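The values are calculated or read from the model by the stated rules, or taken from the named source; none is laboratory data. Just so you know, these numbers come straight off a predicted model, no measurement behind them. For neighbour counting, all protein chains shown are included, and Cβ atoms are generated from backbone atoms with ideal geometry for every residue, glycine included.
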């Protein structure tokens, strides 16, 4: 695993979370985890050569680098491979990482206009265009990955995917970015009181900022390129990021604690321009839809496999992984927060989700 970490570390300072064009967010989840992408594991030249044998050629974009075990890459690559296999090479989907097709907001707008074929989107940014998708931005709603997968693959998750049809985009299936955890410079966080007054850098999305305000945290929207320096200089006390980002960007060398708060779950989804999807035959549409579902499962399985290995290695490097976090106490403090988000999300989605979770 470490074979590719050094490459990511060299470019980490250039990473940007910006998802240009998103109405509710100015920073893109995808570029949070990797900077300017180097060459893809599948060179573009090789893709173009192989595409000569395909009758239909498309591109799928995402904002992280195309590196092993990155969830965006794993999701897109599996999707591309399955489609190529089941169409006998008739449909070729070139995997374009590192923001080559733009940031997440740009790609979503491009899919609406028909200028971008496909993208792996982060739910938190897609929800800036499809309000119902904000259901899965709510804090502390999933106790574990299995629960999240069951909801996403079930009736509620499938209903959310259909909402995208109203915005000129076809959402095919869910993948997984992972749970976001709190990385802190020098203070362990086990209960809500431990967070009060902390200056935490966070993604600039409406639900995330509102969550931190409810928890008494001083949320600090900050460009990713400034985050490491900000943490080193004490401008911020911490930030929330998934395990893979903590690992790949060398935070064990900077911060003392990785607090397993899992306060936000970050679903990914494969989206296709409605114009592109409608031009496919019914058989091709079915192949792409099934491929997205299977690729999403592969993405989740890969995350489960590498996360524990990453945690073990970070502990070996001296980072304290705080696992005894009182999640129930956090939910109690949030109180009516979920009720307050019903109108923005729309429909009966919040009530339906709480009922499905037994709340």
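Here 215, 152 are screened, and the one residue that is on the phi < 0 side of the Ramachandran plot and touching a strand residue (DSSP E or B) at 6+ places or on another chain (Cβ under 7 Å) is 152. Among the residues that make up segment 286-309, is at least one of them surrounded by fewer than 24 Cβ atoms within 10 Å (Cβ to Cβ), in contact with a strand residue (DSSP E or B) (Cβ under 7 Å, 6 or more places away or on another chain), modelled with pLDDT of 95 or more and more than 24 Å from residue 123 (Cα to Cα)? There is no residue in segment 286-309 that is surrounded by fewer than 24 Cβ atoms within 10 Å (Cβ to Cβ), in contact with a strand residue (DSSP E or B) (Cβ under 7 Å, 6 or more places away or on another chain), modelled with pLDDT of 95 or more and more than 24 Å from residue 123 (Cα to Cα). Taking residues in segment 307-326 that are closer than 15 Å to residue 69 by Cα, and partners anywhere that are part of a loop (DSSP other than H, G, I, E, B) and at pLDDT below 95, the pairs with Cβ atoms closer than 7 Å and at least 6 places apart or on different chains are 309/1.
Every condition in (1) assigned to a strand (DSSP E or B); (2) under 15 Å from the mean Cα position of the chain (by Cα) is met by residue 261 except one, and the failing one is (2).
Each residue in segment 38-65 was checked for being surrounded by fewer than 23 Cβ atoms within 10 Å (Cβ to Cβ) and at pLDDT below 80, and 17 of them qualify. Quick one: would you say residue 283 is part of a helix (DSSP H, G or I), modelled with pLDDT under 95 and surrounded by fewer than 12 Cβ atoms within 10 Å (Cβ to Cβ)? So residue 283 does not fit the description; no.
Restricting attention to segment 107-146, and to residues there that are out of contact with any strand residue (DSSP E or B) (no Cβ under 9 Å at 6 or more places or on another chain) and surrounded by fewer than 24 Cβ atoms within 10 Å (Cβ to Cβ), which single residue is farthest from residue 297 (Cα to Cα)?
Initial filter on segment 107-146 (out of contact with any strand residue (DSSP E or B) (no Cβ under 9 Å at 6 or more places or on another chain)): 109, 125, 127-128, 131-132, 134-135, 146.
Next, from what is left, pick out any that are surrounded by fewer than 24 Cβ atoms within 10 Å (Cβ to Cβ): 109, 128, 131-132, 146.
Values: 109: 27, 128: 25, 131: 25, 132: 23, 146: 11 Å.
Checked segment 107-146; the qualifying residue farthest from residue 297 (Cα to Cα) is 109.
If you go through segment 327-345 and pick out every residue that is surrounded by fewer than 15 Cβ atoms within 10 Å (Cβ to Cβ) and part of a loop (DSSP other than H, G, I, E, B), you end up with 2. Among residues of segment 141-155 that are at pLDDT below 95, those with a Cβ under 6 angstrom from a residue that is assigned to a helix (DSSP H, G or I) and crowded, with 17+ Cβ neighbours inside 10 Å, sequence gap 6+ or separate chain, pair up as 142/148. Exactly one residue among 162, 170 is modelled with pLDDT of 95 or more and part of a strand (DSSP E or B), and that residue is 170. Just for segment 233-247: of the residues that are closer than 20 Å to residue 313 by Cβ and part of a helix (DSSP H, G or I), which one is modelled with the lowest pLDDT? The extreme case among them is 245. The condition (being surrounded by fewer than 23 Cβ atoms within 10 Å (Cβ to Cβ) and under 21 Å from the mean Cα position of the chain (by Cα)) is satisfied by just one residue among 204, 191, 176: 204. Take residue 129 and decide whether it is in contact (Cβ under 8 Å) with a residue 60 or more places away in the chain and either farther than 22 Å from residue 73 by Cα or not in a helix (DSSP H, G or I) (or both). It is true that residue 129 is in contact (Cβ under 8 Å) with a residue 60 or more places away in the chain and either farther than 22 Å from residue 73 by Cα or not in a helix (DSSP H, G or I) (or both). Output the residues belonging to segment 199-232 that are in a loop (DSSP other than H, G, I, E, B) and without any contact (Cβ under 8 Å) to a residue 24 or more places away in the chain. Scanning segment 199-232 gives 217, 222.
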